[in-house]
Amino acid sequence: MRMRLLGLISATALTACGGGSDAPPAPAPAPALPTVPVAPPAVTPVTPPAPSEPPPVPVTPTPTPTPPPPVTQVPVPELPTTPPVAVTPVPTPTVPTPPVLVPTPPTPTPPPVTPPASGGPYTLPARTVGDFVTYTDVTMGWKVSVTQAITKVNADGGWENADSVSQEKGAQTIEKFDAKGGMLSSNSYAGCTATYAPAAMQAPASASVGDSFDFASTMSIPCSKEETARALTSKGTVVGIESKTVPAGTFSTLKMVSNETNLDLRTANVYVNYWVERTCWRDIITGLMVACNTRTTSKGSGDVSFSSATELVSYGQASTNREFLDPIRYAGPWSGNFGAWYGICDLNIGFSGVITGSCKAAARTTAVTGSVDKAGVVKLNMSVAGGTTETQSGQAALFDMSGQLAGAAAPGAWTLKHK
């Protein structure tokens, strides 16, 4: 089942005034002298010539006004005159008016929604170490999650990824892909490494609506004592652009419909052959398969037909700056060391991030409950049998988590790794 699940979803999953005068300044004027009042002259009476009639009228002389007391003039020294100094005019620079900046309030980031698209073509973006995807797969009522993380990117654009499966223990699966997303090798087949020549493709790296594809590859299994090779084919069509909503968000996708075969190349003692009808939806931005519905028919060692539904539930991709974080990416069995006080711990993380398990040391047994959130923050409640409960905290990565021991277990650090 591990080989089938990983083989089906891995190949293309990580798939903005003034002026101056030129004239010199005028010299400073000398200060004005105070004004001295002058007395008016005396008025002498004048007798006009006598007219023939009537008789003259005497004129009363106007009294002479008494002058005010003399005002003493205060001498004012002559001030020296400063010769003008030639001043070179300096132009006033024009100062631009700075723009008015209006802060924009932060906007909550919803799950990414890809806008409606044209028919293409759409090509897989570049991969980056640390990119990851998590899928859920439901087959015959059995639900598992698979997390895959890119651990290496080659100069030619190919990459490697490691994975963990929520319901399985054991060594991580390591898969290698070429730059187009074709699988080159995988160690998921019965504990040994299978190779593919040419690289096994399930969909083209660049696709437009209306394109068809036809791929064939031979899978070699050198460590197998029974079947040593299988023939793989995938024939299909890109039928249109569709909006697809899954737990990781709503995406504009290329809808691809294909028929695949996985056949034992032996002519005798054939173990099992598979025929698969598949409909998948691939995001036009990230190149990730966001959902696949498959119908598989097997013949050979127990004929059976079954359906599967795969959905993208969490992912992060550096080149497109897109992500959707969910604690389901940590789901599965974990094991690690909590120092001499708690000993070795075996824990399980559920799809919602709930943690349960126990630790065993020479002197005590400890029940463990807790949680990990979508940001990877870990909280653990350590309840010693017949004793007290203490809290340990830490940080999770995709396949490991750690923190500093507190309380009775301090000092030291604790670590856990995904099994």
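From the alpha carbon centroid of the stretch 160-200 to that of the stretch 290-318 is 16 Å. Under 5 Å from the amide H of Ala179 lie the amide H atoms of Gly158, each residue being 5 or more positions distant or on a separate chain, with H modelled from the backbone and absent for Pro and chain starts.
Shown here is the pair-distance distribution of the stretch 261-419: with all Cα-Cα distances grouped in 5 Å bins from zero up to the longest one, the shares run 2, 8, 14, 14, 11, 10, 9, 9, 9, 7, 5, 2, 0, 0 percent. Placing +1 on the Cβ of every Lys and Arg and -1 on the Cβ of every Asp and Glu, with nothing else charged, gives the stretch 190-276 a dipole about its Cα centre of roughly 80 debye. FRET efficiency for the Asp214 to Leu325 pair, using the beta carbon distance and R₀ = 30 Å, is estimated at 0.20. Working from label points 7 Å from Cα in the Cα-to-Cβ sense, the Gln167 to Ala375 distance is 3.3 nm. Radius of gyration over Kirkwood radius for the stretch 129-213, both on Cα atoms: the Rg/Rh ratio is 1.00. Other residues lying with their Cβ under 14 Å from the Cβ of Thr151 contribute a combined charge of -2, Lys and Arg counting +1, Asp and Glu -1.
Just the Cα atoms of the stretch 171-238, one point each, no solvent: what log10 I(q)/I(0) does Debye give at q = 0.18, 0.26 Å⁻¹? Result of the Debye calculation: -0.70, -1.11.
Backbone geometry of the stretch 283-291 corresponds, through the Karplus equation with coefficients 6.51, -1.76 and 1.60 at θ = phi - 60°, to 3J(HN,Hα) couplings of 4, 6, 8, 7, x, 7, 5, 8, 6 Hz, x marking Gly and Pro. Excluding same-chain neighbours fewer than eight residues apart, the lysines reachable from Lys374 by a Cα-Cα span under 19 Å are Lys417. Counted by Cβ distance under 13 Å from Gly287, the other residues give a net charge of +2, where Lys and Arg count +1 and Asp and Glu count -1. Couplings 3J(HN,Hα) of the stretch 208-214, computed from phi: 10, 4, x, 5, 10, 9, 8 Hz, in residue order, whole Hz [Karplus 6.51 cos²θ - 1.76 cosθ + 1.60, θ = phi - 60°; x for Gly and Pro]. Near Phe132, once Lys and Arg are set to +1 and Asp and Glu to -1 for all other residues with Cβ below 14 Å from its Cβ, the sum equals -2.
Bear in mind that the values in this text are calculations on the coordinates, not laboratory data. These figures come from a predicted structure and were not determined experimentally. Here the Cβ is made from the backbone with ideal geometry for all residues, glycine too, and neighbour counts use every protein chain on show.
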